[in-house]
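One structure below.
The values are calculated or read from the model by the stated rules, or taken from the named source; none is laboratory data. A quick note: this is a predicted structure, and the numbers were derived from the prediction, not measured. Virtual Cβ from ideal backbone geometry, glycine too; neighbours counted across all protein chains shown.
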C-alpha cells in the first residue's frame, strides 16, 4: 500500500531553517514577556494587593502604573531582561515577516 505524498506540483512543502530560527526567537521573546507578567501578578498576590477572584482587583492587575519594583529600580523596559525580551520579539517577528515576503516573491 502506497502512502499519498504531500507534494503539490512535485514540490514537498518544507520550512526553511532560517524561518524556523526566527520563529523560535520570536517565541522565546514572547515567553520571556509572559513570564515577567506572571511574576508581576504573583508578587501582587503575595503582597496581598491582588485577589484573582475579585473583579475589582483584576482591573488593578491590568493597570500598567501598578508596580512591584522597589523605589529607584529601573522600569521594566529599561532593564536588561526587558530589553532582551523585547529585542528577541522584534528581531524574531521581523525575520519571520521578511522570510515570508521573500518566499512570496521568490519564483
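Condition check ((1) surrounded by 13 or more Cβ atoms within 10 Å (Cβ to Cβ); (2) at pLDDT below 80; (3) in contact with a helix residue (DSSP H, G or I) (Cβ under 6 Å, 6 or more places away or on another chain)) across all residues:
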| site | (1), (2), (3) |
| --- | --- |
| 12 | no, yes, no |
| 22 | yes, no, yes |
| 43 | yes, no, no |
| 53 | no, no, no |
| 63 | no, no, no |
task = Kindly indicate whether residue 97 is without any contact (Cβ under 8 Å) to a residue 12 or more places away in the chain and either under 30 Å from residue 14 (Cβ atoms) or more than 11 Å from the chain's Cα centre (by Cα) (or both).
result = yes
